[in-house]
Amino acid sequence: MPERTSIDWREDRYSFLRWTVLPQKSWREYWDRIYVDPGLKERLVAYAQFVLRYRVRYSVVGLPVHGIVLLYGPPGTGKSSLARGLAQVVAETVADADGVIFAEVDPHALPSQMLGESQRNTANLLEKSIPELAAKGLPVIAVLDEIDSLLTSREITSGGRDPVDVMRATEAALRGLDYLAANHDNVLLIATSNFEAALDEAVLDRLDLSVKVGLPDADAAARILADTLSELPAVEIDSAQIADIADRTAGLSGRAIRKLVLEALVTRSADPETPLTAGDIGAVLTKGDSK
């Protein structure tokens, strides 16, 4: 399988998504450097392999496989990175010699204040744009970030949009998901959401898999800290100090923990080339505790 060293993004003709072809060597870090329960990653890989290798064997009525997995949880826990990383792993292990098409949907390109426009955009995305990628003959993995903006519960109105338009857009999305499931068995959709409670019950019923990506525990926090510190040229923090700092990060997301190191690096008075210390990070934590 050829390895690509530069990312060549392309846009679909509707401006709903951009896509590229994997594998990309640099993308492996989206998988290896996101620290979650290993069992979660194993579950995602097993599911993706099943969908792209074996779903064609089954009736959509007898064993309905919609090819949709939801990653949900607090912001900053690595959901979008895991989606990219999963696509990379699939490209390495499942795809043929030509790779996998990876697409990212722009969540802000679909909703519209114009009556009926959200419905048309959603239908075009799921019944034209993604199918056109699927017609290229490669496996397609498409990420629907912030899927709650696309499949809002029909009992919820938000953002000042007409509730009738919200309902029609959600109904168009449901029809589109069913269309993809019935006609394109080489498509895997990875949806992410920070507000899974806002999703329509009908889409929850169509999910093959729903996976919570929670806040890191102390062990994961320590691994995130160590990984972040590995980026720096000079550090004077030992493993025991990393563990102590990790214990103080309860309630922080992985992204917030990495930003903690960044804040310590840029706010201290010492020269950037001076080794970062546990005291530098501790000062930032103490400042946060006092707010």
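Filtering the stretch 147-166 to residues that are out of contact with any strand residue (DSSP E or B) (no Cβ under 7 Å at 6 or more places or on another chain) and either assigned to a helix (DSSP H, G or I) or modelled with pLDDT of 65 or more (or both) leaves 149, 163, 164, 165.
Condition first: of a type outside the set (Lys, Arg), in a helix (DSSP H, G or I) and within 27 Å of residue 194 (Cα to Cα). Now tell me which residues in the stretch 228-280 satisfy that. 228, 245, 246, 247, 254, 256, 257, 260, 261, 262, 263 - these are the residues of the stretch 228-280 that are of a type outside the set (Lys, Arg), in a helix (DSSP H, G or I) and within 27 Å of residue 194 (Cα to Cα).
For every residue, the table says whether it meets (1) free of Cβ contacts under 8 Å to residues at least 40 places away in the same chain; (2) touching a helix residue (DSSP H, G or I) at 6+ places or on another chain (Cβ under 8 Å); (3) within 27 Å of residue 201 (Cβ to Cβ).
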residue	(1), (2), (3)
20	no, no, no
30	no, yes, no
38	yes, no, no
42	yes, no, no
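Conditions tested, residue by residue: (1) surrounded by 14 or more Cβ atoms within 10 Å (Cβ to Cβ); (2) within 26 Å of residue 131 (Cα to Cα); (3) of a type in the set (Lys, Arg).
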site: 18; (1), (2), (3): yes, yes, yes
site: 36; (1), (2), (3): yes, no, no
site: 40; (1), (2), (3): yes, no, no
site: 46; (1), (2), (3): no, yes, no
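Yes or no, residue by residue, for (1) under 17 Å from the mean Cα position of the chain (by Cα); (2) in the same structural domain as residue 144 (by TED's automatic domain parsing); (3) loosely packed, with under 15 Cβ neighbours inside 10 Å:
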| site | (1), (2), (3) |
| --- | --- |
| 187 | yes, yes, no |
| 226 | no, no, no |
| 233 | no, no, yes |
| 237 | no, no, no |
| 242 | no, no, no |
| 248 | no, no, no |
| 266 | no, no, yes |
| 278 | no, no, no |
| 281 | no, no, no |
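Within the stretch 253-291, can you find the residues that are closer than 23 Å to residue 213 by Cα and in contact (Cβ under 8 Å) with a residue 40 or more places away in the chain? Selection gives 253, 254, 255, 256, 257. Remark: pairs (first residue in the stretch 214-227, without any contact (Cβ under 8 Å) to a residue 60 or more places away in the chain and over 25 Å from residue 193 (Cα atoms); second residue of a type outside the set (Val, Ile, Thr) and surrounded by fewer than 19 Cβ atoms within 10 Å (Cβ to Cβ); Cβ separation under 7 Å; 6+ apart in sequence or on different chains) = 222/243. Assess whether residue 62 counts as being modelled with pLDDT under 95, over 14 Å from residue 142 (Cβ atoms) and in contact with a Leu (Cβ under 6 Å, 6 or more places away or on another chain). The answer is no for residue 62. Residue 14 meets the stated requirement of being touching a helix residue (DSSP H, G or I) at 6+ places or on another chain (Cβ under 6 Å), of a type in the set (Phe, Trp, Tyr) and either farther than 24 Å from residue 211 by Cα or assigned to a strand (DSSP E or B) (or both).
The values are calculated or read from the model by the stated rules, or taken from the named source; none is laboratory data. All values derive from a computational prediction rather than experimental measurement. Every residue, glycine among them, receives a Cβ derived from its backbone with ideal geometry; neighbour counts consider all protein chains shown.
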